[in-house]
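Enquirer: Quick one: the structure is below, and I'll ask about it shortly.
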Amino acid sequence: MNDKHTKFSCFTDGASDFMFDSTLYQPGVHGILCSYAIGDKADDLSAVNDNSPSDLQALIEKDLAAIFPGKRPKALAIKAQPWQADEYTQGAYALFRPGQWFGIRAILQEPHMRVYFAGEHLADEQGFMEGALVTGVQAAASVQEASESPLLQKSGHPAIASRLQRKYPRA
């Protein structure tokens, strides 16, 4: 823990569940420790935080002390984000059951007519916002490519008519 470039991530059976150093190799004295919990554990941690953020901080510091014997880790601040309570997301990342990843993901990646899908649940780096970004860029490129098709150019659909008129003016 004395070396700011210590590679650190671990799963625990403690309060922290999964945690990792999200500022590895970034400049500065202090870092950011991310901790993910899912399901019932996420609900329990949210309740602890709602009742007493300092109690949640103490639980995480206790987990760190168990991981780094002889050290007394101290968090400078804590920010909890219970995604399951967020009115817009209503949860976090997709959680596939054993055997679903390869079969369902491929199906979900397929467009439905002219609807293209994006999200962390479709990404190679599933579970992270970077995966949502990558699949969003891929979906946008697919939409753009589809809009170049001669069949679509003949479409009178109002959602694309003005774009097509600008791009392919009629002589």
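The values are calculated or read from the model by the stated rules, or taken from the named source; none is laboratory data. Note that this is a predicted model, so its numbers are computed, not measured. Backbone-built Cβ (ideal geometry, glycine too); neighbour counts: all protein chains shown.
Enquirer: So, Ala106, is that one surrounded by 11 or more Cβ atoms within 10 Å (Cβ to Cβ) and either small (Gly, Ala, Ser) or part of a loop (DSSP other than H, G, I, E, B) (or both) or not?
Expert: For Ala106, the condition - surrounded by 11 or more Cβ atoms within 10 Å (Cβ to Cβ) and either small (Gly, Ala, Ser) or part of a loop (DSSP other than H, G, I, E, B) (or both) - is not met.
Enquirer: Would it be correct to say that Leu95 is part of a loop (DSSP other than H, G, I, E, B), hydrophobic (A, V, I, L, M, F, W, C) and farther than 27 Å from Gly131 by Cβ?
Expert: No: the conditions fail for Leu95.
Enquirer: Would you mind stating whether Gly136 is at pLDDT 90 or above and over 21 Å from Ala42 (Cα atoms)?
Expert: yes
Enquirer: Could I ask something else about it? Taking the condition of being of a type in the set (Val, Ile, Thr) and modelled with pLDDT of 80 or more, how many residues in region 1-28 meet it?
Expert: Final tally of qualifying residues: 2.
Enquirer: Also, quick follow-up: Taking region 14-29 on its own, how many of its residues are closer than 17 Å to Ser46 by Cα and not aliphatic (A, V, I, L, M)?
Expert: Final tally of qualifying residues: 4.
Enquirer: For Ala66, indicate whether it is closer than 30 Å to Ser147 by Cβ, assigned to a helix (DSSP H, G or I) and either outside the structural domain of Thr135 (by TED's automatic domain parsing) or among the small types (Gly, Ala, Ser) (or both).
Expert: no
Enquirer: Answer with yes or no whether Pro53 is more than 16 Å from Phe18 (Cα to Cα), in the same structural domain as Ser16 (by TED's automatic domain parsing) and in contact (Cβ under 8 Å) with a residue 12 or more places away in the chain.
Expert: yes
Enquirer: Go through region 56-70 and give me each residue that's more than 11 Å from Ala15 (Cα to Cα) and either in contact with a Gly (Cβ under 8 Å, 6 or more places away or on another chain) or surrounded by 12 or more Cβ atoms within 10 Å (Cβ to Cβ) (or both).
Expert: Ala65, Ala66, Ile67, Phe68
Enquirer: Right, something else. Looking at Val143, Val115 in this structure, which one is over 30 Å from Ala42 (Cα atoms), β-branched (Val, Ile, Thr), without any contact (Cβ under 8 Å) to a residue 12 or more places away in the chain and not assigned by TED's automatic domain parsing to the domain that holds Ser35?
Expert: One residue alone meets the criteria, Val115.
Enquirer: If you take the residues in region 32-52 that are surrounded by fewer than 15 Cβ atoms within 10 Å (Cβ to Cβ) and in a loop (DSSP other than H, G, I, E, B), which one is modelled with the lowest pLDDT?
Expert: So, considering only residues that are surrounded by fewer than 15 Cβ atoms within 10 Å (Cβ to Cβ) and in a loop (DSSP other than H, G, I, E, B), the one modelled with the lowest pLDDT is Ile32.
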